Amino acid sequence: MLLGCNNRDNIKILISEMMKESISLRLNNMEIIYPDSLKHIEPEIKDYKLVIYSDTTNCSMCFVNSLKEWNDMLYLQKEYQNLSLIFIMQGRKNMLELHRKVLNESTLQYPIYLDVENIFQETNPHIPKNKLIHTFLLDKENNVIVVGNPLTNDRIKSMMIDVLNDSQGT
């Protein structure tokens, strides 16, 4: 995706504002959905967290369909023992059963947090609505340290890997 100068400047401002406050995860208040192929083992939350978030402004089916692309990134958790991947999908209460069904059928080989109470957005109003900013790396204190999608941006992926290497002293 190419961004015009004005749009790029707006994104930089949004990211700057987002980085001023830490992120509250409150994952224990969300339902964990396990794709049918996975065992029901609650994910361990580690020092560094790569958050992939979809709010209700995004097409939920589009988000679910895109999750399979993340299977190629799951190796990062094995390579970096201090990293957790956290997938959060905001859903609507009146569509709870549909959300559960499509997430269960997801080809992502990883649990997904379903947030039908809007907890993530309410506790993090500083996260912009712009979906380009809904993938970010958090440090031990849940401060945002890198923003962007490493699947679509090699520079972002390199930045995230550099942070993780530094955190392990490699």
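The values are calculated or read from the model by the stated rules, or taken from the named source; none is laboratory data. Quick caveat, the model's predicted, so the values are computed rather than measured. Cβ sites come from the backbone with ideal geometry, for glycine too, and all protein chains shown count toward neighbours. With ligands, DNA and RNA removed, areas are computed over all heavy atoms of the protein, side chains included. Shrake-Rupley method; radii C 1.70, N 1.55, O 1.52, S 1.80 Å.
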For the chain, what are the per-bin percents of Cα-Cα distances with bins 5 Å wide, up to the bin holding the maximum? 1, 8, 17, 22, 21, 17, 9, 3, 1, 0
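Under 1.5 on a/c is rounded, so check that first for the stretch 92-156, then, if it is not, pick prolate when a/b is larger than b/c and oblate when it is not; a ≥ b ≥ c are the square roots of the alpha carbon gyration tensor eigenvalues. Could you put the intermediate results ahead of the total?
On the way: a/c = 2.16, a/b = 1.40, b/c = 1.54.
Oblate.
Of the listed peptides 46-53, 19-26, what is their order by residue-averaged count of other C-beta atoms within 10 Å, with the highest listed first?
Details: 46-53: 20.1, 19-26: 15.2.
Top to bottom by mean Cβ count within 10 Å: 46-53, 19-26.
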What does the charge dipole of the chain about its Cα centre add up to, to the nearest 20 debye, if the Cβ of each Lys and Arg holds +1 and the Cβ of each Asp and Glu holds -1? 300
Provide the gained length on full extension for the span Lys140 to Ser16, in nm with one decimal, where the gain is 0.36 nm per separating residue minus the Cα-Cα distance. 42.7 nm
1/(1 + (r/R0)^6) with r = Cβ-Cβ of Ser24 and Glu44, R0 = 22 Å, i.e. FRET efficiency to nearest 0.05, evaluates to 0.75
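List the pairs from Lys78/Lys140; Lys46/Lys93; Lys20/Lys68; Lys101/Lys131; Lys12/Lys93; Lys101/Lys140 whose alpha-carbon separation is above 27 Å, in the order I gave them.
Values: Lys78/Lys140 18 Å; Lys46/Lys93 29 Å; Lys20/Lys68 32 Å; Lys101/Lys131 24 Å; Lys12/Lys93 33 Å; Lys101/Lys140 33 Å.
Correct reply: Lys46/Lys93; Lys20/Lys68; Lys12/Lys93; Lys101/Lys140.
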Treat each spin label as a single point 7 Å out from the Cα along the C-beta direction, and report the Glu31 to Ile161 distance in nm. 3.8
Lys/Arg Cβ at +1, Asp/Glu Cβ at -1, dipole of the stretch 110-167 taken about the Cα centre: which of Asn153, Ser167, Ile133 is farthest positive-ward? Asn153
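How much length would be gained if the chain were fully extended between Thr123 and Asp72, taking 0.36 nm per residue of separation minus their Cα-Cα distance, in nm to one decimal? Let's see the in-between values first.
On the way: separation 51, 0.36 × 51 = 18.36 nm, distance 3.01 nm.
Between Thr123 and Asp72, full extension yields an extra 15.3 nm.
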Calculate for the chain the 222 nm mean residue ellipticity that helices alone would give, adding -39,500 (n - 2.57) per DSSP H run of length 4 or more and normalising by residue count, nearest 500 deg cm²/dmol. -9000 deg cm²/dmol
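Taking Cα pairs under 8 Å and at least six residues apart, what relative contact order does the chain come out at, in percent?
Answer for the chain is 32 percent.
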Carbon plus sulfur, as percent of the 1.4 Å-probe accessible area of the chain, comes to 49
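Averaged per residue, what accessible area in Å² does the stretch 7-130 show with a 1.4 Å probe, protein chains only?
On the way: 6550 Å² over 124 residues.
Spelled out: the 1.4 Å probe surface of the stretch 7-130, per residue, equals 53 Å².
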Can you list the aspartates and glutamates whose alpha carbon is less than 17 Å from that of Lys157, not counting same-chain residues fewer than 8 positions off? Glu69, Asp72, Glu79, Asp139, Asp166
